[in-house]
Amino acid sequence: MSGVNWWAIAPLLVLSGGAVLLMLLVAARRDTPLSWITTALILAAAALSCLPAREAIPQAVTPLLMADSYALFFTALFAICGLVTVIVSHEYLGERHGENEEFFLLVLLSTLGAVTLAYANHFVALLLGMELMGVSLYALIGYPDKLELPLEAAIKYLVLSAAASITFVFGFALLYAAVGVLDYPGIGAALASADNPVLLASAAMIVAGLGYKLSVVPFHMWTPDVYEGAPAPITGFLAAVSKGAIFAALLRWWMASGLYELPGLLTLVALVAGASMLVGNLLALLQDNIKRVLAYSSIAHMGYLLIVLVACGLVADPHLAKEAAAYYLVAYSLTSLAAFTLLGLLSRASGSKELASLDDLTGLFWRQPGLSLLFTVALLSLAGIPLTAGFVGKFYLFSAGVAGSLWGLLALLVIGSAIGLYYYLRMVYRMTLAGDAQPAAVERPGWPARLTCYGLVLAMLYLGIVPGPLMEILRTIL
Amino acid sequence: MDGLQVPMEHVLGLASLLFAMGLTGLMVRRNILFVLMSLEVMLNAGALAFVSAGAHWGQPDGQVVFMLILTVAAAEVSVGLGLVLQVQRRFQTLDVDNATRLRG
Amino acid sequence: MVYLLLILFLGGGLAWLSERWHPQAPRWVALGAVSFALLYLAVAVMRLPAEHFSLLPAATQPDTWLAHTRLEWIPRFGIRFELALDGLSLTLVALTLLLGLIALSSSWSEIDQHSGFFQANLLWSLTGVVGVFMALDLFLFFVFYEVMLVPMYLLIAIWGHEGRAYASMKFFIFTQASGLLMLVSIVVLAYQHAQVSGSYSFSYFDLLGSPLDSSLGFWVMLGFFLAFTVKLPGFPFHTWLPDAHTQAPTAGSVLLAGILLKTGAYGLLRFTIPLFPEASLEFAPIAMALGAAGIIYGAVLAFAQSDFKRLVAYSSVSHMGFVLLGLYAWNSIAVQGAIVQMVAHGLSTAALFMVAGSLQQRMHTRDMSRMGGLWLNAPRMGACALFFTMASLGLPGLGNFVAEFLVLLGLFQVAPRVAVVAALGLVTGAIYSLIMLQRSFQGPGDPERAVPDYGGREMATMLLMIALLIWLGVYPQALLDLTQPTVDSLLSEAGS
């Protein structure tokens, strides 16, 4: 490997080196603020290291990793999301007694897993990234170990996520048995010539395994429980980074191996997408817990995103669809991070207990105007109202769908969005109701967390009002 | 390759059987320890399939992946057992039916 | 034109912030912003050369329009920030700002909770509507069309009456969902354009006359038609309207009835028919049938209401049926009639909602069975109510009569039978209007009842609208001259 090689995977190196450094640091000195700042710096460095890495791409770094602009783009996104999570978690962990240093280490490792997924060009890298991310998340979800809900959520996530990984592994074993290669381009070449009924079964198992992690119907059962049980910043991380990374990896594999040419698979994905949009949105209507509502809405959002996969298979030039996926992922990551972070901050600001039911939102708009306004913007972005990033993402999906003539899925997208409006607006409405008197003590969250929230919401509005620059970037790199 | 060759299809059949057994165990067992064990069985079914496929194609990749899977399994289980300990401490039981604060 | 939007938008922000400074400040800030915007528009129009008003605003030559702005926005899709003004847009923008003032006046003493945020939402929804009337890039148009819903939703949801949660939600979901259908249609149009010409464009000027496969064209047209008919509202998509109008605060009802409904009519006139002339021609009988059904249905239901605001709301359904008929008759007279109807209905209904609002504020009820004989207590209010009821039922000499007469005249040339049915609407309109007046202001009353009459601010607002309606009724030519070039160019664009 030449010197240039190392630059191409600079973010991976920064993250792995940083993780080791942080472990040593924690071993030497237990100091939460110190490890907090170190983690934040490492993640920022990882994001920044994408800039010099641009000079060294594209190149394959061993058969496992493909360093190209796609990988770097998502690396930067995940590192930034990780950074946001770390910054706001400090606020969240503030009250918790005991040792919190490992929390940041776990976020770092999980982000490393996500970045590996962005680079993955081979089964082994895919499995490694997925597990690194997943195993760290089990621990993160169950981190508040004195509480019952997070523990239960962690167990649930562990069992179901492990089952999903194993289904994925087994599917890949079958695929390997059928074609004899494990890297994406090789699989693509072999698929083009092979014709074997095992292929569809194995591809279906693989997609099912990844579908679990994306929480699409019918593999969505874990989502609401885990979202509800996990600490708010981790829920945001789960929604933004974990799902984003899995989708990025899936999309790369989908394109690199030409999976969409497998007859039947496209129909399967279209069905899953449609079912996710409908089921996610309909079940969200029945919830009265905010985190569960957002969990079901995330199921619907993943369904929207799957439209891209179907469109990729049907159009001659999949550029538009890939851009749509990337834009939507950016918008969705920022928005869900903002939503969960704000939820966490609002809970702390309105007393010590976690904001749980819709009733807790009553009157928040008048008690906490600043944070509530930001939360409203985040909800509107999730609903896809113009001038927010969510709308531009949806517009992109519409464009990709129209280009692929996917009228059925587009109709479901419209219906789903209309249903979605109801539960998003219901939350906004609750916040604007005249509430009770002022609570005894209103605690202002610390400035790093508040600043981060303002930054996220501003980014959301910027991407919604001036989407041009990001679109140009996406067009040139994808 | 000399010696007795087991056809790949047979090994894959065995692996599928193991996978199905593990999946069944996962669904019917209520004790978390048994659930984790079922997961192990499933994971090993996948690993076995990789080994046999690697042998079929005459490549070392199958065995490499097998070792990777072992490592992954170790990581999964270590975190899993850690959580199991906490569950035992919190709920005084390992029965998953008792941990039903969450509705799903 | 960008400044017009900025004035309103920033004025809204300022109004919100000024609440911290003084609780009375927001309404003055809002008043200042709207007046300034109106003044700005007036000055800008005055400075245009007079002969400019007689030019046909051709789609291929934006410089024949009264004003035109084009800025790059999203180059990836060829989306531009493109605003243009012709006689039609100018009329509606002026109406919007005027009704903005009236809405402010009507909420002057009604809103005491969070008035800063209220005025901000009021101004933001005005911004959205003004944007809708000026946007000539379809993407931009859609953005304004959807964005104006959010402040409107908040107006109803926060300051509305008892059933506000349901009403505001229904309003938002109906219009938003139909709007998404329009978005799909817009994207299909742009995509087709890209297939033919190689690059995306959302500009009205580029898409007009862009060739479209006729079966696809029909579906795309339907997307637009549904969105605008829900907004209009046309029968049978009107069900959100009575709820929203009834539950909204007075200023909200004034804006909804006065101008938000007009965005639907404007969309049909500006986009649906010219973009899809053949599909629209094919569809015209259905649209006209819906219009006629709306007239009769709205009138019959209005007749059955006991809630003052609900009655006015259903009468809107009936009146907007005339607009739909006028547009789809698609000849110069009928379209002009529809435009006059948009203005006249905006004024008369806004005024009736103001009367309803002041009744509610004074008597805490909208139920007409608990009114009656109010003339005794509040003669000035009664006189205003009488005037606007007469306007609404189409008394000759007032704006609404001119409008409905022109629509019927134009319609008769195209579809005489529909015209006969529609004319029945005039008769039923007279019945429910008079019943409303009789049950609330006439009849035996209670002279002791403490219902304060209109004061100076309210009378000034009312007199302004009375004057405008009379002017529209006796000298509609001024308005007709202003919009004639637009109508001519649209008709020649789409063939008549």
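The table below lists the values:
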{"read-out": "Shielding of A:125-131 by partner chains, average beta-carbon count, 10 Å", "value": "2"}
{"read-out": "Low-density loop positions, GluC sites (Glu not before Pro), segment A:53-112 - DSSP coil, at most 12 other Cβ in 10 Å", "value": "A:Glu95, A:Glu99"}
{"read-out": "Cα centre as origin, Lys/Arg/Asp/Glu Cβ charges: segment A:6-98 dipole, Debye", "value": "160"}
{"read-out": "Residue range of chain A that is longest and free of trypsin sites (Lys or Arg not before Pro) which are both DSSP loop and sparsely packed (at most 10 other C-beta within 10 Å)", "value": "A:30-352"}
{"read-out": "Estimated FRET transfer efficiency (C:Ala44, A:Ile477; beta-carbon r; R0 41 Å; 0.05)", "value": "0.40"}
{"read-out": "Longest exposed-site-free window of chain C, the sites being GluC sites (Glu not before Pro) in a DSSP loop that have at most 13 other C-beta atoms within 10 Å", "value": "C:163-447"}
{"read-out": "Fully extended contour minus Cα-Cα distance, from C:Thr365 to C:Trp108, at 0.36 nm per residue", "value": "90.6 nm"}
{"read-out": "Taking the C-alpha atoms of segment C:370-496, convex hull volume expressed per residue in Å³", "value": "127"}
{"read-out": "FRET efficiency, 1/(1 + (r/R0)^6) with R0 30 Å, evaluated for A:Asp288 and C:Ser215 via beta carbons", "value": "0.05"}
{"read-out": "Among A:Phe104, A:Tyr92, A:His122 the positive-end extreme of the charge dipole of segment A:1-156 (Cβ point charges)", "value": "A:His122"}
{"read-out": "Average beta carbon contacts from partner chains per residue of A:414-422, 10 Å cutoff", "value": "5"}
{"read-out": "Label-to-label distance, nm, for residues given as B:Gln88 and C:Leu6 (7 Å Cα→Cβ offset)", "value": "7.0"}
{"read-out": "Exceeding the 24 Å Cα-Cα cut-off - candidates A:Lys243/A:Lys291; A:Lys394/C:Lys170; A:Lys156/A:Lys322; A:Lys291/C:Lys231; A:Lys394/C:Lys231", "value": "A:Lys156/A:Lys322; A:Lys291/C:Lys231"}
{"read-out": "Where only alpha carbons of segment C:413-455 are counted, the Rg and the Dmax (Å)", "value": "18.0, 55"}
{"read-out": "Residue-averaged 222 nm ellipticity for the protein assembly as shown, from DSSP H runs of 4+ at -39500 (n - 2.57), nearest 500", "value": "-25000 deg cm²/dmol"}
{"read-out": "Label point distance in nm, B:Met21-A:Ala434, each placed 7 Å from Cα along Cα→Cβ", "value": "6.9"}
{"read-out": "Mean separation of Cα contacts under 8 Å (6+ apart) over length of chain A, as relative contact order %", "value": "14"}
{"read-out": "Span from the segment A:443-465 Cα centroid across to the segment A:189-240 one, whole angstrom", "value": "31"}
{"read-out": "Between segment A:106-127 and segment A:252-295, the alpha-carbon center distance in angstrom", "value": "22"}
{"read-out": "Neighbour-count ranking [beta-carbon atoms within 10 angstrom, fewest first] of A:Leu106, A:Leu358, A:Leu305", "value": "A:Leu358, A:Leu106, A:Leu305"}
{"read-out": "Rounded to the nearest 20 debye, dipole of segment A:264-381 from Cβ charges on Lys, Arg, Asp, Glu", "value": "220"}
{"read-out": "Check: chain B dipole with +1 on Lys, Arg Cβ and -1 on Asp, Glu Cβ, in debye", "value": "700"}
{"read-out": "Stretchable slack from A:Ala356 to A:Trp407, in nm (0.36 nm times residue separation minus alpha-carbon distance)", "value": "14.6 nm"}
{"read-out": "Amide H within-cut-off set for C:Asp137, under 5 Å, with H built and near neighbours excluded", "value": "C:Glu82, C:Tyr204"}
{"read-out": "Inter-part distance where segment C:137-205 and segment B:14-41 are each reduced to a Cα centre, Å", "value": "51"}
{"read-out": "Relative contact order for segment A:266-478, counting Cα pairs under 8 Å that sit 6 or more residues apart, in percent", "value": "29"}
{"read-out": "Pairwise FRET efficiency - C:Ile431 versus C:Ala467, Cβ, R0 = 22 Å, nearest 0.05", "value": "0.20"}
{"read-out": "Burial ordering of C:Asp112, C:Asp453, B:Asp61, fewest other beta-carbon atoms within 10 Å first", "value": "C:Asp112, C:Asp453, B:Asp61"}
{"read-out": "Shielding score for C:140-146, defined as the mean number of other chain Cβ atoms within 10 Å", "value": "3"}
{"read-out": "Selection from C:Ser332, C:Met368, C:Ala293 lying farthest towards where the dipole of segment C:288-496 points positive, charges on Cβ", "value": "C:Met368"}
{"read-out": "Per-selection Kirkwood Rh - the protein assembly as shown (Cα, Å, 1 d.p.)", "value": "31.2"}
{"read-out": "Relative contact order, percent, segment C:343-430 [alpha-carbon distance under 8 Å, six or more residues apart]", "value": "26"}
{"read-out": "J(HN,Hα) series, segment C:99-106, from Karplus relation 6.51 cos²θ - 1.76 cosθ + 1.60, nearest Hz, glycine and proline x", "value": "5, x, 4, 5, 4, 4, 4, 6"}
{"read-out": "Hydrodynamic radius by Kirkwood, which averages 1/r over all alpha carbon pairs of segment A:266-478, in angstrom", "value": "17.8"}
{"read-out": "J(HN,Hα) series, segment C:237-243, from Karplus relation 6.51 cos²θ - 1.76 cosθ + 1.60, nearest Hz, glycine and proline x", "value": "9, 8, 5, 6, 5, x, 5"}
{"read-out": "Where trypsin sites (Lys or Arg not before Pro) fall in DSSP loop in segment B:10-104, at most 10 other Cβ within 10 Å", "value": "B:Arg103"}
{"read-out": "For chain B, diffusion coefficient by Stokes-Einstein and Kirkwood Rh (Cα), 20 °C, 1.002 mPa s, µm²/s", "value": "139"}
{"read-out": "Neighbour-count order for C:Leu479, A:Leu342, fewest beta carbons within 10 angstrom listed first", "value": "C:Leu479, A:Leu342"}
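Where a number appears in this text, it was derived from the coordinates with a stated rule and is not lab data. Predicted, not measured: the structure shown is a model, and the values here were computed from it. Quick reminder, even Gly has a Cβ in these numbers, built from the backbone with ideal geometry, and neighbours come from all protein chains shown.
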